[in-house]
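Right, one structure below, let's go through it.
Here, each number is a calculation from the coordinates, and none is a lab measurement. Since the structure is predicted, the reported quantities are computational estimates derived from the model, not experimental observations. A quick note on method: Cβ atoms are made from the backbone with ideal geometry, for glycine too, and the neighbour counts reach across all protein chains shown.
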Amino acid sequence: LYTILRPAVRAVGLEVLEAVNVRLFPGRIPIPDLVVVGEIDFDEPIVEAASVRLVCEIISPGNAATDKVLKMHYYAAAGIDWYLLVEQDTGNLHLHRRSGANYRLHSKTEAGGVLELTEPVRVTIRPEDLLP
């Protein structure tokens, strides 16, 4: 996913980062699998939620509830507009857009389909490209 996003992200002056500390609120600092961010200070060990344009979590059986409920709630409350969930076993993509303090499902892409991401960057993602 990083490899797919990186050229599109860089083309619009953003960055894509893996496994970084993101401060949502004081005392709430998760480490998402991947984030697309605006301008940040690379010398700082923590990225502020206000800089995050898209957050991505890869769902595995051991963390499904945390990613689908708890983290989703925290990311929306912190004002992160886009949340992409990737199912590890199938590659299915669930793109959520923030609406107020919650996320609403924007699109679901299954094997054979194509996710045409238009915000915060323009990129095409195929579930098959994410599977080993």
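Over the C-alpha trace of the range 9-132, radius of gyration and Dmax come out as 13.9, 41 angstrom. Secondary structure note: in the chain, about 75% of the DSSP beta bridges are antiparallel.
Sequence-distant contacts, meaning Cα pairs under 8 Å at least 6 residues apart, place the relative contact order of the chain at 17 percent. Between 104, 122, 28, the GNM of the chain built on Cα springs shorter than 10 angstrom shows 28 fluctuating the most.
As an exercise, use a Förster radius of 35 Å and the Cβ-Cβ distance of residue 114 and residue 43 to find the FRET efficiency, rounded to the nearest 0.05. Once rounded, the FRET efficiency stands at 0.40. Among the GluC sites (Glu not before Pro) found in the range 23-127, those both in a DSSP coil and sparsely packed, with 14 or fewer other Cβ atoms within 10 Å of their Cβ, are 39, 110.
Here the simple spin-label model places points 7 Å from the Cα toward Cβ, and for residue 124 and residue 99 these points are separated by 2.9 nm.
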